[in-house]
Amino acid sequence: MNNYEPENANPILYNSNESKNNVTINEQSIRDNLYNLTDLCDLNYEEDKISADEIFDLLKDIKDPEYSYTLENLKIIEKKNIHINHEEKTITLFFTPTIPNCSLATLIGLMISIKLQYSLSNVFKTNIYIYPGSHNSEHSINKQLNDKERIAAAIENSHLFNVIKSSITYNNPTLNI
């Protein structure tokens, strides 16, 4: 036999006919009673446009691969060198290496590019350039930084990816990239 004993051996039973209420709920009654018109989402909203300040805030805490300073501390990136075209969905950013023969300029540009791609989910096309006249090899580095295949190949290198990841998440170690 079954030895099961319910927790409540004598539940109270209610007559379901007594509590019957023939109320019909329709969409209008829900709107009238549950929602305040100011709470409803306006479907004709204008897209929230990202600003150069927000892009700068995304990038300013990236750690320079050579020093324990951020790109902001070293003035490698500056707000005035961030340009956004909302119609074409492009972000153009110029960065300035600390010296004209900086061997890590490509890595710095790669970190900027990856951080923007990760943060903006490819909504914008990014163009990353060395500020004109600030590096001896600016043309070849600019070409590398704006070549998707070269960026993808660089990310596949696990050591390089770990260096990039540690610099990008320098002040935000909980960020999962």
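Summing Lys, Arg as +1 and Asp, Glu as -1, what charge do residues with Cβ under 14 Å from the Cβ of residue 140 carry, residue 140 excluded? Spelling it out: positives minus negatives among the neighbours equals 0.
Around residue 106, under 14 Å between beta carbons, what's the net of Lys plus Arg minus Asp minus Glu among the other residues?
Details: positive: 143, 150; negative: 64, 66, 138, 147.
So the surrounding residues net to -2.
Compute the Cα gyration tensor for segment 67-177, then decide on rounded, prolate or oblate, letting a ≥ b ≥ c be the square roots of its eigenvalues: rounded whenever a/c is under 1.5, prolate when a/b is larger than b/c in the other cases, and oblate in all that remain. Rounded is the answer for segment 67-177, as its axis ratio a/c remains below 1.5.
For trypsin sites (Lys or Arg not before Pro), the sites in segment 86-140 that DSSP calls loop and that have at most 15 other Cβ atoms within 10 Å are 89. Accessible area per residue for segment 98-177, computed on protein heavy atoms with a 1.4 Å probe, is 57 Å². Shape class for segment 82-133: oblate, because the ratio a/c of the largest to smallest gyration tensor axis (alpha-carbon atoms, square roots of eigenvalues) is 1.5 or more and b/c is at least a/b.
Ordered by solvent-accessible area of protein heavy atoms (1.4 Å probe), largest first, the residues 64, 53, 48 come out as 48, 53, 64.
With a 1.4 Å probe and all protein chains kept in place, how do 135, 86 rank by accessible area, largest first?
On the way: 135 20, 86 55 Å².
Greatest to least solvent exposure: 86, 135.
The values are calculated or read from the model by the stated rules, or taken from the named source; none is laboratory data. Given the structure is predicted, the values throughout are model-derived calculations rather than measurements. Don't worry about glycine lacking a Cβ; one is built from the backbone with ideal geometry, like all the others, and counts go over all protein chains shown. Just so you know, the surface numbers come from the protein's heavy atoms only, side chains and all, with ligands and any DNA or RNA stripped out. Shrake-Rupley method; radii C 1.70, N 1.55, O 1.52, S 1.80 Å.
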